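Written out below as structure tokens is the structure these notes cover.
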Amino acid sequence: MSTWELVLDTIGTVAIVLGVLLTFVASIGLLSLPDVLSRMHAATKPQVVGLLLIVIGGALHLRTSPDVWMLVLVGAFQLMTAPVTAHVVGRLAHRGEGGLRRDLLYVDELADRPDEADPGPDDQEESPPHRNGEAVGRSRRRGGPGSDGASLDSDE
Amino acid sequence: MSTLPALLDAVLVVSLVLLGLSAVLVVVRLLRGPTGLDRLVALDVLVAEFLCGLVAYAALTGDSSLVPVVVAISLVGFLGSTTVARFVRRGTGR
């Protein structure tokens, strides 16, 4: 084993150890932080930074062209998909699905959004700009905002 | 100079053990997590840690046949978590 390979292995191992330490700290945070949004803050560490560091370390260890490119694919795909999941989860959490503790928020920029009182259409696609009749029809179909609020309170 | 590769392997084994420990912590959150969104976030992190473990294991053994598995799991994990997020609705958040 030449010196050059040894240097690459060492750098790769250091990257993997950094990623694993970050993942461990994030797991402790996931266990100890108070609500969904702060747990999401912890959750992004192994999802993005930790996985990227470990992928870089693995690529430095494996060093053959197909492996390196496939690991690049893994890193790029994680960078593309982590924001999507985080967006969906954060949106659902702000609507009140996840026991969000609003007393812990410093700023709630979506507090006066009109569709927050709306029980929420399908979660994935952006709803078109709300006309009144549409919102009323939707809430009637779901049993009205009042009953939803009651069932939410009983979740606590 | 000859002891360095053994040291690197030992460090990789220790980091794999640490990954397993953090996966245990995430599973505790997955089981306790009061709402469905907590479990969803914990499941996402568990998938990410599984990917980390696979890459670290491939780096430890120098066996590159695990790399396509990592690609496949990263795709499927994203699909799974977004699909579950669709079904976490108001009132059924548990």
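Every number in this text was worked out from the coordinates using simple rules, so none of it is lab data. No experiment lies behind these values; they were computed from the predicted model shown. Quick reminder, even Gly has a Cβ in these numbers, built from the backbone with ideal geometry, and neighbours come from all protein chains shown.
Assorted remarks:
- Projecting the Cα atoms of B:Pro34, B:Ala48, B:Val69 onto the dipole axis of chain B, where Lys and Arg carry +1 and Asp and Glu carry -1 at the beta carbon, places B:Pro34 farthest toward the positive end.
- Inter-probe distance in nm under a simple model that places probes 7 Å from Cα toward Cβ, at A:Arg102 and B:Arg32: 2.7
- Cα gyration tensor, the stretch A:3-102 - rounded (a/c under 1.5), prolate or oblate: oblate
- Other protein chain C-beta atoms within 10 Å of residue C-beta, averaged over A:37-43: 4.
- Near A:Arg102, once Lys and Arg are set to +1 and Asp and Glu to -1 for all other residues with Cβ below 11 Å from its Cβ, the sum equals -2.
- Dipole of the stretch A:1-98, positive direction: furthest Cα of A:Thr3, A:Val68, A:Ile54, with charges on the beta-carbon: A:Ile54
- Pair A:Ala111, B:Leu7: separation of 7 Å Cα→Cβ label points (nm): 5.6
- Taking a ≥ b ≥ c as the square roots of the eigenvalues of the Cα gyration tensor, the stretch B:4-87 is oblate, since a/c reaches 1.5 or more and a/b is not larger than b/c.
- Here the Karplus curve 6.51 cos²θ - 1.76 cosθ + 1.60, taken at θ = phi - 60°, turns the phi angles of the stretch B:59-72 into couplings of 5, 5, 8, x, 9, 8, 6, 7, 5, x, 4, 4, 4, 5 Hz, with x standing for Gly and Pro.
- Each Lys or Arg adds one and each Asp or Glu takes one away; over the other residues whose Cβ falls under 13 Å from the Cβ of B:Val67, this sums to -1.
- Computed magnitude of the charge dipole of the stretch B:4-87 (debye, nearest 20; Cβ of K, R +1, Cβ of D, E -1): 340
- With contacts taken as Cα pairs under 8 Å and at least 6 residues apart, the stretch A:3-102 reaches a relative contact order of 33 percent.
- Partner chain coverage, peptide B:18-25 - average Cβ within 10 angstrom: 6
- Here the spin labels are modelled as points 7 Å beyond Cα on the Cα-Cβ line, and at B:Arg86 and A:Ile11 they lie 4.3 nm apart.
- Build a GNM of chain B with springs between Cα atoms under 10 Å apart, and of B:Ala58, B:Ala42, B:Ala23 the one that fluctuates most is B:Ala58.
- Other residues lying with their Cβ under 13 Å from the Cβ of A:Ala59 contribute a combined charge of -1, Lys and Arg counting +1, Asp and Glu -1.
- Under the criterion of Cα pairs below 8 Å and six or more residues apart, the relative contact order for the stretch B:4-87 equals 28 percent.
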